[in-house]
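A quick write-up on the structure given underneath.
The values are calculated or read from the model by the stated rules, or taken from the named source; none is laboratory data. Predicted model only: the values in this text are computed from it and were never measured. Here the Cβ positions follow ideal geometry from the backbone for every residue, glycine too, while neighbour counts run over all protein chains shown.
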Amino acid sequence: MSDNGAGLGGRSTLSLHKLGVFCGLAAAVWLGTAEAPTKLVNAGFSPILISMGMVMGAFVARWTVPTLLKGTDQLFADLRDKPHLIVWALMAGMLWAVANTLTIYAVRNVGLAIAFPLWNTNSLVGLFWACLLFKELRGSGFKGWSRVVGGASAIVGGAAILAYATARQSDTPGKAAVGIVAALGAGVLLGTMYIPYRKAYISGMNPLSFVTIFTFGELGTILTIGLFYFGGVGPVVAELHRARPMLFWPFLGGFCWVIGDLFQNFAAKYIGIGRGIPLSNTNQLWGLAWGALVFTEFSGLSFSEKALIVTGSLVMIAGAISISMADPGASELGNWRQAMLRECDRYGLDAEKVAAIVAGNDPRSERKPVRHWWEAVVMLVAVGIFVWLGVGTKSQHLALSMPWMIVLVVGTILPLGICGTLLWRRTRFS
């Protein structure tokens with residue numbers, strides 16, 4: 001599991017650590033943007049309904065993006081080689097569906113700028129599982145551990161500051177408490193969700209394949225939640241029909257989330273969940289920007305309350321950076337390899353082949369993907385759904401700043417091109 005960048009076939013020599021850092025930063029931008037449509041919950045729509053729209057958009061995106069980049073042959077090959085990972089991908093999707101619903105309740109009760117940093121405590125949960133199950137940070141020495149412990153303490157401290165600021169600025173303390181609990185509960189579920197992520201990637205599964213199976217778990221879970229919440233198929237259909245004029249926005253949020261999640265998955269693959277997840281959790285900056293600049297969530301707050309919110313966010317960001325910059329040394333990489341070999345022994349995988357894939361050198365990526373007619377159908381159906389939803393969209397009368405929204409949209413698109421190019425040149429999306 002060497003971190004050198006000696007590429008095949010004229011590939012870039014960018015190191016895997018740097019590539020993982022770039023992926024984590026790109027993930028932060030897209031994951032932050034994906035949460036903007038959750039503000040629709042303040043226009044009177046149920047959090048369950050918003051979550052259903054996002055998951056449906058994610059379902060469409062999780063098929064179209066991987067199909068566009070690598071084709072369906074990659075997916076089928078991964079499933080044949082590693083069928084045991086199907087259940088793990090489904091489990092991850094189920095956890096995300098519940099966590100995403102909790103985040104929307106949090107946004108409704110305490111606002112996007114406040115809820116975001118609270119559920120990003122998933123860094124601590126993911127870090128715990130990374131150390132316990134996958135030997136991350138073992139052998140990193142005093143410097144690595146001190147950065148991680150300091151960063152973890154900063155994240156907890158920042159979350160406490162934000163929780164205090166939320167309680168101070170809310171007119172209904174009970175409502176704020178529900179939002180805080182929902183956000184922290186989402187953090188626990190999201191942090192646990194990264195176990196299947198890391199298990200998949202030290203087994204040599206392609207992130208594009210993993211997220212495709214992931215989506216069946218999230219879709220099945222949110223539909224089940226919706227059926228129980230609304231009381232059956234008929235009421236669910238009626239609610240979706242009523243929400244038809246706004247469904248384009250949560251669909252778009254789900255699509256953005258998938259792009260961010262793909263970058264996050266590549267970060268988890270190449271620098272581990274203990275580093276990749278905290279780095280991608282700087283999405284709280286992007287969420288803060290959307291909440292404060294576009295949706296003007298800070299209007300009406302006193303200077304001291306704004307200072308508390310900004311201070312808490314900066315402290316958490318500093319903690320995430322401290323953790324992510326503790327790059328692994330040779331001893332720790334050796335422990336990573338042991339975790340990989342354990343998975344290979346347990347499931348009868350070819351260790352040499354898996355090691356090459358883990359290092360971003362999947363031999364299959366050198367071959368031009370075989371395209372099939374049904375892939376064109378998948379793309380056309382996806383485009384058709386978004387066009388149909390877009391045509392029927394109506395204004396939801398939310399207060400927002402259009403100039404700032406344009407700035408943030410442009411800032412979201414740029415990392416997609418930059419990091420996508422780096423991934424292609426270094427790994428061919430393997």
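Points to keep in mind about this one:
- Region 232-255 residues that are on the phi > 0 side of the Ramachandran plot and of a type in the set (Ser, Thr, Tyr), paired with ones that are assigned to a loop (DSSP other than H, G, I, E, B) and surrounded by 13 or more Cβ atoms within 10 Å (Cβ to Cβ) (beta carbon under 9 Å, 6 or more apart): none
- Taking region 192-237 as the range and being part of a helix (DSSP H, G or I), of a type in the set (Gly, Ala, Ser) and within 28 Å of residue 71 (Cβ to Cβ) as the test, the residues that pass are 200, 209, 217, 220.
- Screening residue 235 against (1) more than 13 Å from the chain's Cα centre (by Cα); (2) crowded, with 24+ Cβ neighbours inside 10 Å leaves a single unmet condition, (2).
- Of all residues in region 385-400, those being surrounded by 14 or more Cβ atoms within 10 Å (Cβ to Cβ) and small (Gly, Ala, Ser) number 0.
- Meets criteria (surrounded by 14 or more Cβ atoms within 10 Å (Cβ to Cβ) and assigned to a helix (DSSP H, G or I)) for residue 293: yes
- Odd one out for residue 30 among (1) at pLDDT 85 or above; (2) aromatic (Phe, Trp, Tyr); (3) surrounded by fewer than 23 Cβ atoms within 10 Å (Cβ to Cβ): (3)
- Residue list for region 333-354, restricted to those being free of Cβ contacts under 8 Å to residues at least 24 places away in the same chain and either on the phi > 0 side of the Ramachandran plot or touching a Phe, Trp or Tyr at 6+ places or on another chain (Cβ under 9 Å) (or both): 348
- Residues of region 61-77 satisfying the condition of being surrounded by fewer than 24 Cβ atoms within 10 Å (Cβ to Cβ) and of a type outside the set (S, T, N, Q): 63, 65, 68, 69, 70, 71, 73, 75, 76, 77
- Scanning region 352-384 for residues that are over 30 Å from residue 251 (Cβ atoms) and surrounded by 14 or more Cβ atoms within 10 Å (Cβ to Cβ) returns 353, 354, 355, 356, 357, 358, 359, 360, 361, 362, 364, 365.
- Hits in region 410-430 (condition: closer than 20 Å to residue 248 by Cβ and either without any contact (Cβ under 8 Å) to a residue 40 or more places away in the chain or basic (Lys, Arg) (or both)): 413
- Residue 417, sole failed condition from (1) exposed (fewer than 12 other Cβ atoms within 10 Å of the Cβ); (2) farther than 25 Å from residue 14 by Cα; (3) within 27 Å of the chain's Cα centre (by Cα); (4) of a type outside the set (A, V, I, L, M, F, W, C): (2)
- Residues of region 357-380 that turn out to be free of Cβ contacts under 8 Å to residues at least 12 places away in the same chain and part of a helix (DSSP H, G or I), as a count: 5
- Selection status of residue 195, hydrophobic (A, V, I, L, M, F, W, C), within 20 Å of the chain's Cα centre (by Cα) and surrounded by 23 or more Cβ atoms within 10 Å (Cβ to Cβ): no
- Subset of region 46-59 (residues that are β-branched (Val, Ile, Thr) and surrounded by 24 or more Cβ atoms within 10 Å (Cβ to Cβ)): 50, 55
- Top-ranked residue in region 102-133 [being among the β-branched types (Val, Ile, Thr) and within 14 Å of the chain's Cα centre (by Cα); ranked as nearest to residue 323 (Cα to Cα)]: 121
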